[in-house]
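Presented below is the structure to which this report refers.
The values are calculated or read from the model by the stated rules, or taken from the named source; none is laboratory data. Please read all numbers here as calculations on a predicted model, not as lab measurements. So basically every Cβ, Gly included, is an ideal-geometry build from the backbone, and we count neighbours across all protein chains shown.
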């Protein structure tokens, strides 16, 4: 416990010196706050007004209006809850499954190790879209909640991470300090969680941020397959409308429509990436060479 | 060294740019007698109409019907047939004597007999044709089954599959088998229809024969085996790759001398955006993608040669209800929904070029309403102008209550339901989004659910929906109100919604069942006075009892370029109405008759 407190204190103090981590943290915090409180501050009216479509950004409509004549800013703010909620939960599950199975595969040998490897390989090669179609057929009538949907998304995201983590663990487990732990008869959980996990943790954090994009894409797929509740303010759905239904790329006066949606998606993912990179720099002794 | 490399790179890039621009300007100015379109086709191409994907967009260029029918003028344009006569249930078709397959063989009545046997065997349709026989090489006689509607004569004459799908000289080795399967299939069908029991042994025998035939015919690829696909149509597929399908002129076609277009070139319709871009760049001469209003304006600005003509697609998009759900059994709720929905807004965001649904929901397409429903009948009907107040009055009178912007039924249950919509149909999704928004604003709790790709039929037929966006009345096949009413009260819509169409409904003329009225209309289809009387009753029932709530009449926007071609019909020309259900028919008619040609 005291060790954790020391680590946290160390992290927070280093946070001050790591601009990347700080900026990333601020961006993520901004979107999380937007997801929690946004809808109470910026009311949303989804009433379409075709004559007011593609209005340029103004004080009344900070991001302009979309193809339906609806305020884009209000949709971005109100859609943040679904985006952040689904993407982060899905990424969390993907990282959790990928990390556990990746470490197991990397550390364990023999038949169990091979079995885990086979599971990872199977999930790596299953084409996700046909599999989602089958799942859509199976769960067509189920009212899935956010956790269930996130688990479905995570099912198709965890395998590459598991493969990469297992490779990292394989290289770490032959290090002297692991051998030392083994010679001291330290239990398996100690070796896995105390010796190995801290070394792959930054890598996992970076992966978590990278998974956000994939999770967002999958969520849109699920909505279009009827598996997830359709939310027209989900940023992915908004972007789909802009590009494929409204043809905003072919209309100069609609430039702002996809622009602001893409900007927010990029910002969220970028925030996640630099936060993860910052943390890696903070916790990884090799990258903290300046100290 | 570095500098030299950079110089070489810059030189290489400059040369590439110069040559590609030469190539581009050459391609742009080169005069060809091609018609460039966009479509889909199976790849690898097999040339077998029964194989997966059939022949794709080449259909109307390679197969010819006996005649084309122009819905706007009611005129038949003879194609494979020179003329025809109708005598009771017999249709005699006199084939064009100078019609030939593209390999030079004569097209005869035996080809028609062969085709009917094959389609009945492979598609289990059309059993409405009881017999077909060759009177002589140029005359073929169809006899309709006793219960077949007389309107089926129209289908025989105009369906592209009926005459020239299966050349006898190519498929003759399976003719005997096909005939056997078709005869047995018809026997089972007629027995079933007349309430007789079909023995399991007969069914098993049919399955055995049918699957043996299918196995052989489905595998056959004329394009691979014969290295060509003999066709009776004006064009034969000659070069097919993944991205492009080229059809070359059939020199034996009876209109070959008039036709100056040597090739029809299809680009793969990979996405609407690809088609938009191809129209702008002049890579396509015509296409019919759905296009948002602003994109159309931009495209016309960039490419002033681009014109647009919209024609009715002979169908309406509607809100349909599952009548097994007790919520929708209440006419008051359906009427309230009809009043709440602002159809113009739905049309604007969904398909801006569509024809408005109008204020009466008669089951007759709105663009055809004035022709079929008289003003006296309309004056007896409810007029559905968008009015939340009218909807509220209806609901309150029926005992519905509203608390905290949520409506409750007389039994105090919230009015909540899910609106299902087929995901791949973008315009339907946009319409559903708007409908959901409007109904929620009024105080119903409505959620939208997308039906995944390929699952529409399954969801609709199994009734796993509460309310959905679907085609309502549709006049496909035989463009007449009877077709639309049959769809609403006897066929697809009646089946998937479980609307009680056999029940009697009150009308100013007495009590009638719409199911029986459709039957009566079918019998009296050629008696225009009687038919009009029946249509008034059906229109009244449809408007007052709302089996569906129409949102808009679907249109087909045809974008065509006059940059390379001349001879496009004027906006008022009736031939445009040939496009719904097979737009290539229109192009084929225009180029084979030498009307549309290269400048």
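Here are a few things to note about the model shown:
- Of the strands (runs of 3 or more DSSP E) lying entirely inside the stretch B:209-280, not one contains at least 3 residues that are in the same structural domain as residue B:99 (by TED's automatic domain parsing), out of contact with any helix residue (DSSP H, G or I) (no Cβ under 6 Å at 6 or more places or on another chain) and at pLDDT 95 or above.
- Candidates B:100, B:146, B:90: the one that is in contact (Cβ under 8 Å) with a residue 60 or more places away in the chain and over 24 Å from the mean Cα position of the chain (by Cα) is B:100.
- Where a residue in the stretch B:347-360 is within 19 Å of residue B:548 (Cα to Cα) and its partner, wherever it lies, is assigned to a loop (DSSP other than H, G, I, E, B), with Cβ under 6 Å and at least six apart: B:347/B:354; B:359/B:383; B:359/B:384; B:359/B:385; B:360/B:381
- Residue in the stretch A:262-276 that is within 14 Å of another protein chain (Cβ to nearest Cβ), closer than 16 Å to residue A:88 by Cβ and crowded, with 23+ Cβ neighbours inside 10 Å present: no
- Residue check, residue B:104 modelled with pLDDT of 95 or more, over 30 Å from residue B:280 (Cβ atoms) and not assigned by TED's automatic domain parsing to the domain that holds residue B:186: no
- Taken residue by residue, the stretch B:310-318 has no member that is under 30 Å from residue A:51 (Cα atoms), in contact (Cβ under 8 Å) with a residue 60 or more places away in the chain and within 14 Å of another protein chain (Cβ to nearest Cβ).
- Condition check for residue A:167: at pLDDT 85 or above, assigned to a helix (DSSP H, G or I) and buried (at least 20 other Cβ atoms within 10 Å of the Cβ): no
- Qualifying residue in the stretch A:86-98 (condition: closer than 26 Å to residue B:447 by Cβ, touching a residue at least 60 places away in the same chain (Cβ under 8 Å) and within 14 Å of chain B (Cβ to nearest Cβ)): no
- Conditions (1) at pLDDT 90 or above; (2) not in a helix (DSSP H, G or I): number failed by residue A:27: (2)
- Screening residue B:514 with (1) at pLDDT below 95; (2) within 30 Å of residue B:321 (Cβ to Cβ); (3) outside the structural domain of residue B:247 (by TED's automatic domain parsing) gives one miss only, at (1).
- The lone exception for residue B:315 - which of (1) closer than 30 Å to residue B:429 by Cβ; (2) assigned to a loop (DSSP other than H, G, I, E, B) it fails: (2)
- Taken over the stretch A:31-76, residues that are part of a helix (DSSP H, G or I), away from chain B (no Cβ under 14 Å) and over 21 Å from residue B:448 (Cβ atoms) amount to 11.
- Conditions (1) away from chain B (no Cβ under 14 Å); (2) farther than 23 Å from residue B:427 by Cβ: number failed by residue A:235: (2)
- Filtered by the rule that a residue be facing chain B (nearest Cβ under 8 Å) and touching a residue at least 12 places away in the same chain (Cβ under 8 Å), the stretch A:244-261 gives A:245, A:246, A:251, A:253, A:254.
- Residue within the stretch A:206-224 that is at negative phi, crowded, with 20+ Cβ neighbours inside 10 Å, within 14 Å of chain B (Cβ to nearest Cβ) and in contact with a strand residue (DSSP E or B) (Cβ under 9 Å, 6 or more places away or on another chain) present: yes
- Taken over the stretch B:69-83, the criterion of being within 22 Å of residue B:134 (Cα to Cα) and either in contact with a helix residue (DSSP H, G or I) (Cβ under 7 Å, 6 or more places away or on another chain) or outside any loop (DSSP other than H, G, I, E, B) (or both) is satisfied by B:78, B:80, B:81, B:82, B:83.
- Helices (runs of 4 or more DSSP H) contained entirely in the stretch B:421-524, each with at least 2 residues that are within 12 Å of chain A (Cβ to nearest Cβ): B:426-442, B:456-462
- Conditions (1) part of a helix (DSSP H, G or I); (2) modelled with pLDDT under 95; (3) away from chain A (no Cβ under 14 Å); number of the one not met by residue B:196: (1)
- Meeting the requirement of 2 or more residues that are at pLDDT 95 or above, surrounded by 13 or more Cβ atoms within 10 Å (Cβ to Cβ) and more than 14 Å from chain A (Cβ to nearest Cβ), the helices (runs of 4 or more DSSP H) wholly within the stretch B:321-414 are B:326-329, B:331-340, B:375-379, B:388-397.
- Considering (1) within 12 Å of chain A (Cβ to nearest Cβ); (2) touching a residue at least 24 places away in the same chain (Cβ under 8 Å), the lone condition that residue B:294 does not fulfil carries the number (2).
- Against the test of being under 27 Å from residue B:518 (Cβ atoms) and under 24 Å from the mean Cα position of the chain (by Cα), the options B:115, B:158 yield a single qualifying residue, B:158.
- Meeting the requirement of 1 or more residues that are closer than 18 Å to residue B:49 by Cβ and touching a strand residue (DSSP E or B) at 6+ places or on another chain (Cβ under 9 Å), the strands (runs of 3 or more DSSP E) wholly within the stretch B:88-186 are B:129-136.
- Unmet requirement for residue B:594, which otherwise passes all of (1) more than 24 Å from the chain's Cα centre (by Cα); (2) buried (at least 21 other Cβ atoms within 10 Å of the Cβ): (2)
- Residue satisfying all of: in the stretch B:262-273; touching a strand residue (DSSP E or B) at 6+ places or on another chain (Cβ under 8 Å) and closer than 30 Å to residue B:295 by Cα; surrounded by the most Cβ atoms within 10 Å (Cβ to Cβ) among these: B:264
- Residue B:204 vs. criteria surrounded by fewer than 12 Cβ atoms within 10 Å (Cβ to Cβ), more than 14 Å from chain A (Cβ to nearest Cβ) and either modelled with pLDDT of 95 or more or within 17 Å of residue B:46 (Cβ to Cβ) (or both): yes
- Condition met for residue B:378 (over 27 Å from residue A:54 (Cα atoms), in contact with a helix residue (DSSP H, G or I) (Cβ under 7 Å, 6 or more places away or on another chain) and in the same structural domain as residue B:487 (by TED's automatic domain parsing)): no
- The stretch B:297-309, subset more than 14 Å from chain A (Cβ to nearest Cβ) and not in a loop (DSSP other than H, G, I, E, B), residue surrounded by the most Cβ atoms within 10 Å (Cβ to Cβ): B:309
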